[in-house]
Ligand code: ADP
Ligand code: MG
């Protein structure tokens, strides 16, 4: 699924006047591409993501998905929020099939697909457990499988790993990277973690401080085909890290 962000701006009204959160962002994302967006806290990353999701309207500009301008939420777009937001009283199975239930798409085929995803990603034996009985990393994988259950073409991930400790984050980001690539999804990951962005994506978009503009875009062709953990051990990893870190430091 291709996404085109064209001259998107967003201003919010506040008692003190207008707050400009996003200032003129244009970006093309190719089908199957994994993009990450990094920027200082409060610069407008979540705002941009919710505009792409069709949950928020831009003040100017537009978002075009597969050639059509969007005017609201789209069933082809899956949103994975910061917290896993699993319901503690529902079993894992009831949680991961919730989206299908809401969309009225609980067909035999879809349910089998979800069962297969759970098995493939190490959760097959936990379907009858509740979220409280699982580790943070497993819950995060469940949240991703719930997002994948409705078979969206585009995945929007808003700081999905920030609630996890460092070790868990490394292994979960490795798992999630593999899942997204194997399922051939287009993805946009928002994060403030530079290492995470370099280890997972095809390109890193660096935003300035608020109001956010695109500061630079780094292509990571050098790492294509490598897993997040292999990238972190690559001799060039550090130089990308330093370049992006320097740019973010300037925008403080
Ligand atoms: P980030 O995700 O990069 O941390 P956000 O997109 O959440 O940043 O917010 C960008 C700016 O817009 C912040 O200054 C925030 O206070 C402001 N903002 C976000 N949502 C709203 C809203 N609904 N109303 C008013 N201001 C908002
Ligand atoms: Mg945010």
Defining a contact as two alpha carbons under 8 Å apart and six or more residues distant in sequence, what relative contact order in percent does segment 79-188 show? 38 percent
For a protection proxy built on the mean count of beta-carbon atoms within 10 angstrom, sort 245-251, 198-204 highest first, please. 198-204, 245-251
I need the calculated FRET efficiency for the pair residue 128 and residue 165, taking r as the beta carbon distance and R₀ as 25 Å, to the nearest 0.05. 0.40
Would you please put 166-173, 35-42, 99-106 in order of how densely packed they are, using the mean number of other Cβ atoms within 10 angstrom per residue and starting with the highest? 35-42, 166-173, 99-106
Label point distance in nm, residue 46-residue 85, each placed 7 Å from Cα along Cα→Cβ: 1.1 nm
Antiparallel versus total DSSP beta bridges in the chain: what percent is that, nearest 5? 50 percent
For the chain, longest principal axis from Cα atoms; helix 136-149 axis from its Cα atoms; angle between them, nearest 10 degrees, is 90 degrees
Averaged over all viewing directions, the convex hull of the alpha carbons in the chain casts a projected area in nm² of 14.1 nm²
So between residue 251 and residue 2, what do we pick up on full extension, going 0.36 nm a residue minus the alpha carbon distance? 86.7 nm
Tilt relative to the chain, helix 108-120 - C-alpha long axis, 0 to 90 degrees, to 10: 80 degrees
Name the shape class, rounded, prolate or oblate, that the alpha-carbon gyration tensor gives for segment 1-94, where a ≥ b ≥ c are the square roots of its eigenvalues, rounded holds for a/c under 1.5, and otherwise prolate holds if a/b is larger than b/c and oblate otherwise. oblate
Suppose R0 equals 30 Å. What FRET efficiency, 1/(1 + (r/R0)^6) with r the Cβ-Cβ distance, do residue 221 and residue 62 give to the nearest 0.05? 0.55
Ellipticity estimate at 222 nm from DSSP helix runs (n ≥ 4, -39,500 (n - 2.57)) divided over the chain, nearest 500: -10000 deg cm²/dmol
Please state the shape class of segment 105-191: rounded when a/c is under 1.5, otherwise prolate if a/b exceeds b/c and oblate if not, all from the C-alpha gyration tensor. oblate
Contact order normalised by length for the chain, with contacts defined as Cα pairs under 8 Å and 6 or more residues apart; what percent is it? 26 percent
Note down the nm distance, to one decimal, between modelled labels 7 Å out along Cα→Cβ at residue 94 and at residue 108. 2.5 nm
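Every number in this text was worked out from the coordinates using simple rules, so none of it is lab data. Here the structure is a predicted model, which is why all the values come from computation and not from measurement. So basically every Cβ, Gly included, is an ideal-geometry build from the backbone, and we count neighbours across all protein chains shown.
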